[in-house]
């Protein structure tokens, strides 16, 4: 659960200019001290993260995962669709951990852009399908 929260906090912060520890604590339903420890952990990895690439991503999300997508991905809703689905945009690190979070949503999220991320998701799906 903690790693999911660290990823969610990172995604949330990547898509906001400033956020208070109290606001994060309320959003993630933990104490302010827990948020401070989590941010310290994230900051420990900042030097390595600075060397990693990040990309602007556009996702098509199904309406039934709206709350989870907003909570865990932390992007901005760019477009609402008539059927209740929505398009979300965000800046994400190009690393395996982010893809794991994305794949956890199964067929409820489709990467629309960039093509580079679509290819990576397809490759990971192929690797998974080999096991089964």
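Nothing in this text is a laboratory measurement; each read-out follows from the coordinates by a stated rule. The structure presented is a predicted model; accordingly, all values stated were derived computationally and were not measured. Positions of Cβ are backbone-derived with ideal geometry, glycine not excepted, and every protein chain shown enters the neighbour counts.
Here the range 53-131 has an Rg and Dmax of 12.3, 38 Å, counting Cα atoms alone. From most to least packed by mean Cβ count within 10 Å, the peptides 3-11, 102-110 give 3-11, 102-110. Extension gain, residue 79 to residue 40, is 10.7 nm, computed as 0.36 nm per intervening residue step minus the present C-alpha separation.
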